[in-house]
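See structure below.
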Amino acid sequence: MKALAALICGLMFGAGLALSGMTDTAKVLGFLDLFGDWVPDLAFVMGGAVAVTTVTFTLVLRRQTPVFAQTFSLPQTQAIDGRLMTGAALFGLGWGLYGYCPGPGLTALIYGHTGTLAFVVSMFAGMWLAARWQQGRSS
Amino acid sequence: MVNQFLPPLAGGLLIGLSAVLLLLLVGRIAGISGIAWNAVSGAADNGWRWLFLLGLIGGGAIYHWISGTPAPAPNPAGWPLAAAAGLAVGIGVRIGNGCTSGHGVCGLGLLSLRSLAATAAFMTTGVLTVFVMRHVLGGGA
């Protein structure tokens with residue numbers, strides 16, 4: 001049941017991304033073009049999604065356990081440090097360069113565009129590099 | 001005017017609903033970068049992650065198939081820029097522990113100040129990058 005639930009959640013997420021316009025780099029870059037010909041549409045994506053999560057997450061977390069798993073796995077880190085800000089800033093730079101964040105990049109693979117494939121392969125390479133670097137620092 | 005905002009709003013609500021169901025049913029945060037990295041790096045209890053990612057890709061396909069909406073035009077920027085962007089995104093989301101979904105959609109839902117700071121940071125550099133690419137360099141996407 002847990003696996004089926006994850007599949008259905010993924011389907012909803014992917015359909016939501018395609019419906020919202022997040023898989024269209026022209027719209028994403030237009031949205032980020034605040035000082036140019038701003039396209040406000042995608043503000044409604046984040047707005048709609050965050051409206052749902054802020055209202056419902058607290059309700060869900062009143063439960064002792066999730067429905068199909070033993071425990072809730074929530075992020076424990078709370079620090080707002082240089083690492084967080086550097087990482088987020090670098091991520092935003094990549095997002096603004098091409099117009100994809102990780103989710104839409106993956107969903108857009110079905111369009112079969114060469115650029116998307118290059119983006120996704122490179123994204124995993126970047127994750128691998130960062131993970132290696134972090135391992136090197138902690139050991 | 002109203003119509004133009006309806007698909008983004010509906011899409012956003014669907015994304016939010018997906019995040020809530022994943023938390024309620026599986027007990028997990030719908031952070032795409034974390035799910036994708038843990039799936040490929042072979043974390044324990046990985047089945048749900050691969051199925052979520054399968055759904056993420058399949059969901060887009062099903063949407064276009066049912067609605068008859070054509071696929072968006074490819075980004076006119078070439079693959080080298082796409083690869084450079086992907087590298088920055090990949091490194092950034094690992095170092096910063098999350099992306100638009102984990103910090104944005106879910107982190108803000110958890111009322112996390114850490115996620116708010118991260119979201120403000122990536123929105124700012126995203127806007128700045130587009131500004132530089134379009135209005136300073138004049139080229140780019």
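The values are calculated or read from the model by the stated rules, or taken from the named source; none is laboratory data. These figures come from a predicted structure and were not determined experimentally. No Cβ is skipped: glycine too gets one built from the backbone with ideal geometry, and neighbour counts run over all protein chains shown.
A few points about this structure:
- Test: residue in segment A:85-97 that is on the phi > 0 side of the Ramachandran plot and either more than 7 Å from every other protein chain (Cβ to nearest Cβ) or touching a residue at least 60 places away in the same chain (Cβ under 8 Å) (or both): no
- When A:V60, A:V67 are checked against the criterion of being at the interface with another protein chain (Cβ under 7 Å from one of its Cβ atoms), surrounded by fewer than 17 Cβ atoms within 10 Å (Cβ to Cβ) and farther than 16 Å from B:L9 by Cβ, a single residue qualifies: A:V67.
- Among (1) touching a residue at least 60 places away in the same chain (Cβ under 8 Å); (2) within 16 Å of B:P7 (Cβ to Cβ); (3) crowded, with 21+ Cβ neighbours inside 10 Å; (4) at the interface with another protein chain (Cβ under 7 Å from one of its Cβ atoms), the one test that A:P104 misses: (4)
- Residue within segment A:36-46 that is closer than 25 Å to B:G90 by Cα and either touching a Lys or Arg at 6+ places or on another chain (Cβ under 7 Å) or among the polar types (S, T, N, Q) (or both) present: yes
- Scope segment B:41-80; condition more than 7 Å from chain A (Cβ to nearest Cβ) and assigned to a helix (DSSP H, G or I); matching residues: B:R49, B:W50, B:W65, B:I66, B:S67, B:P80
- Taken over segment B:64-85, residues that are crowded, with 24+ Cβ neighbours inside 10 Å and either aromatic (F, W, Y) or more than 9 Å from A:F91 (Cα to Cα) (or both) amount to 2.
- Checking A:S20 against (1) over 15 Å from the mean Cα position of the chain (by Cα); (2) under 19 Å from B:G104 (Cβ atoms), the condition it does not meet: (1)
- When residues of segment A:23-46 are limited to those that are more than 7 Å from every other protein chain (Cβ to nearest Cβ) and not basic (K, R), the one farthest from B:A19 (Cα to Cα): A:D37
- Test result for A:L4, in a helix (DSSP H, G or I) and at the interface with another protein chain (Cβ under 7 Å from one of its Cβ atoms): no
- Unique match (being facing chain A (nearest Cβ under 7 Å), modelled with pLDDT under 95 and assigned to a helix (DSSP H, G or I)) among B:R134, B:R114, B:R94: B:R134
- Selection status of B:N38, farther than 21 Å from B:L110 by Cβ, more than 7 Å from every other protein chain (Cβ to nearest Cβ), part of a helix (DSSP H, G or I) and not charged (D, E, K, R): no
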